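The values are calculated or read from the model by the stated rules, or taken from the named source; none is laboratory data. Note that this is a predicted model, so its numbers are computed, not measured. Ideal geometry is used to build each Cβ from the backbone, glycine not excepted, and the neighbour counts take in all protein chains shown. Remember, those area values only see protein heavy atoms, side chains included, never the ligands or the DNA or RNA. Shrake-Rupley method; radii C 1.70, N 1.55, O 1.52, S 1.80 Å.
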Amino acid sequence: MWDMDTAAEESKGKISEIEVILGRFDRNSALYYRMRLERVAKELAKDASRFDLYDDAAVASDRLGDHDGAILWMARKKKAMGPGSSGKQTGWYRYYANLGTFEAHGWLAKGGSVETIQQLDSAIRHIEEAIEMNADAHFGREIYQLETLKWIRAVKTGQTVQPLGEWVVRRIQDPRPGSQKMSTQKAVTGFLGLVKLGNAWESVDVFYALRDFLSRRRDGQLAHFASLRAKELEGEGKVTLLGHFEDGYATEYPGFRPEVQQTFFNEQEFKRLRRDADAGQAHRQSFMAMKLTDGMHPDTDETFWDGYEEYAYSDIRSPNIFMLGRTQMALMVGTVLALLVGGITTLVFIVRWAVRRRRMRVTR
């Protein structure tokens, strides 16, 4: 989704992968979005040429669960921009990106019925148009949003029982001429973007896909954290769109092989860090609620965050979680080479010693 918060979040720089998996990123309340919607609606009534405000209003509506209202705001934006795209490239790109996203959200919220799958087809077409206009937007993440929507369609129509990660690998691994080739890192970044800037924080399928791609990158511990988040969601009653685990999510990539003792440690560490992440969110929400109920909003009040103290998140105790696959592989190769060199040196020493003793016996 594209609104004023999207640009602000992306300008902050890269948030670590484990922080996204744990939920250490900002999420806002319904009151926050209601107040923004009320404000931008009044501003658009005065000046209908503020195209960015249509995006703010639409995203706020979508965040509040009013997906039809979000789509209506996009229709108003289209009318305001008029025909053609000269000088309005960014406006049209965001129009298609947001409209496709809202259509998908609305279709899923209403049950994702095959009988109404034309709404999902419309969403897919609009996301494709957005990517055609700006393939590098969101640092290329929309390609993975598009493939996720196509996977949902294939699952709903009975065309696949593949898990999301496997579907994406097979779909993008051999790209058509001119398309963007998939890499494991781009896939990880793409799905993390769906979590942080989309609606995937509570998606079992997306977190299992993250597990698979992190495993392919040989980050076993980090993959385990993504898997634990998926299992946490299942424990809360969330379900995969596949409707079962036996044919996909129980299968793990070769890179997903944390040691037994590390597995136990990760599970305890994950629970501790998730409690801490939720506490951090509650800390931020409590401060915001006090200011919002007083009529203040960060969009319009420069003093909104005065007096706020950042929550002191606890440290992540396992350094192994941060070890990228290349680092792990380098350590393994270095260890093996050291053992080989040591073994060869020892063997040479033994052979030379044996030869020397034999010569000494002969000379006697």
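So the values come out like this:
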item: Under 14 Å, Cβ to Cβ, from residue 100 - net charge with Lys/Arg +1 and Asp/Glu -1; result: -2
item: Largest-first ordering by accessible area, 1.4 Å probe, given options 107, 305; result: 305, 107
item: Solvent exposure, largest accessible area first (probe 1.4 Å, DNA, RNA and ligands not counted), of 215, 29; result: 29, 215
item: Over 30 Å (Cα to Cα) - which of 77/231; 78/150; 46/150; 79/238 fall in this group; result: 77/231; 46/150; 79/238
item: Förster radius 22 Å - calculated FRET efficiency between residue 290 and residue 43, Cβ distance, rounded to 0.05; result: 0.30
item: Normalised contact order of the stretch 49-157, rounded percent, pairs of Cα under 8 Å and 6 or more residues apart; result: 23
item: Cα→Cβ-extended label distance, 7 Å offset, between residue 344 and residue 89, nm; result: 5.6
